[in-house]
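Where a number appears in this text, it was derived from the coordinates with a stated rule and is not lab data. Just so it is clear, the model here is predicted, and its values are computed rather than measured. Every residue, glycine among them, receives a Cβ derived from its backbone with ideal geometry; neighbour counts consider all protein chains shown.
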Amino acid sequence: MFTAALRDAGVGVTTNADGANLLAGMPSALAADRAAPAAVLECDEANLPFALDQMAPELLVLGSLSRDQLDRHLEVRRIAERWRSELAEHPTPVVASNSDPNVAWAVGEVADGTWGDTGVVSRLDNAICPVCEEL
């Protein structure tokens, strides 16, 4: 969606729309079109802290965290903790879903967030409140 919007506005964009969202795929997408003034990159949720360290994005867009494939990394809460820690260290403007308690907690007061409602309340992976840690 972001890639299409930028291209419709006449902005050259490189992207990893083919799904190469791990650490090797993002630099490959950047190298594919070095002249592009913009890049729209999907990043695997577990690799976001490293990507923030290495790329210093101008804008970060966060949707929701779910257990889709996070069983290979740890739990949803641990990913949210890593995001929160990284965002505290890397001041990056964020557009985030206010429909996911873990995403809202991760961004919270540590980042300059603009909130959006995806229309899907994502509470399936919230066994405990991310703030008070109560059921």
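Considering only the other residues whose Cβ falls under 11 Å of the Cβ of N21, what net charge follows from Lys and Arg at +1 and Asp and Glu at -1? With Lys, Arg at +1 and Asp, Glu at -1, the neighbours total -4. Counting charges near L59 (Lys, Arg +1; Asp, Glu -1) among other residues having Cβ under 14 Å from its Cβ returns a value of -3. Shown is the FRET efficiency for L30 and E89, computed with R0 = 35 Å from the Cβ-Cβ distance and rounded to the nearest 0.05: 0.95.
Here the Karplus curve 6.51 cos²θ - 1.76 cosθ + 1.60, taken at θ = phi - 60°, turns the phi angles of region 36-44 into couplings of 5, x, 9, 9, 10, 10, 8, 10, 4 Hz, with x standing for Gly and Pro.
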